[in-house]
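Participant: The structure under discussion is supplied below as structure tokens; questions concerning it will follow.
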Amino acid sequence: MKSIFLSIFALFIAGTLSAQNFEFGLNGGQGFNTVPLFHTTPANETSLNRSAATPAFSIKAMYVLPHWQIGISAERINLSYRFMYPLPPVVNNGIYPDEGGYFNSENKIQIAAPAIPLKLFLNRVITCYNFEAYFGLNLGYVFSPDLRWGENAPGTSMVALSSYGDGPLAGAQVGATVFVTKHLGINAELSGDYISFNEGATNIKLAAFQSTLGVRYKF
């Protein structure tokens, strides 16, 4: 599946760059992901929480048809989550830190930093003078050349394991562009993707969301 997708992606790049009705986009903003689903929740990890907001970037190329956009995009996002790690009982002047006698320290696990999603997308476009609104669906594949797992527990150092991870994704996007000149526009976009990420025998399922601003250039 991965090789088929990359072949289609490469063919679409070649076809789009040779097309006359071509639009280029560059966006930046913030993103986060939901609590990941594991086959088995890692030991000693309780109260899992979604990731904090992290930077997100994307570059897009689109072939423009009447009322439609067919395009490709490459993005850079981070995938992570937070959890509470119960530390052993500690006595402070004879008083335990909480009722259970444990410190619950919030820690962060990096799933993929960075994760690089490559997408093929189709948008329905509604045009009114220099304003364009759109919504659509996407399919793609996400790669991580540097997969990192680490626990920032007090008294311990970050454990970083560099390896390779990837997996399919599917999602949707909605946005709008205001063209301030014939060729140049200001864009805002919201997107969300469901990702099934594999690293060795480990499978991680999560949803990732991005909110970005950027520019569009229409040839």
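The values are calculated or read from the model by the stated rules, or taken from the named source; none is laboratory data. In this text, all values refer to a predicted model and were calculated from it rather than measured experimentally. Here the Cβ positions follow ideal geometry from the backbone for every residue, glycine too, while neighbour counts run over all protein chains shown.
Participant: Where the second residue is modelled with pLDDT under 95 and part of a strand (DSSP E or B) and the first is more than 24 Å from residue 141 (Cβ to Cβ) and of a type in the set (Lys, Arg) and lies in the stretch 181-199, which pairs have Cβ atoms under 9 Å and are six or more apart or on separate chains?
Facilitator: Within 9 Å, the pairs are 182/218.
Participant: Let me ask something else about it. In the set 121, 131, 135, which member is at pLDDT 95 or above and exposed (fewer than 14 other Cβ atoms within 10 Å of the Cβ)? Steps first, answer last, please.
Facilitator: On the way: 121 fails: exposed (fewer than 14 other Cβ atoms within 10 Å of the Cβ); 135 fails: exposed (fewer than 14 other Cβ atoms within 10 Å of the Cβ).
After ruling out the rest, the residue left standing is 131.
Participant: Any residue in the stretch 74-93 that is surrounded by fewer than 20 Cβ atoms within 10 Å (Cβ to Cβ), of a type in the set (Phe, Trp, Tyr) and at pLDDT 75 or above?
Facilitator: No, the stretch 74-93 contains no residue that is surrounded by fewer than 20 Cβ atoms within 10 Å (Cβ to Cβ), of a type in the set (Phe, Trp, Tyr) and at pLDDT 75 or above.
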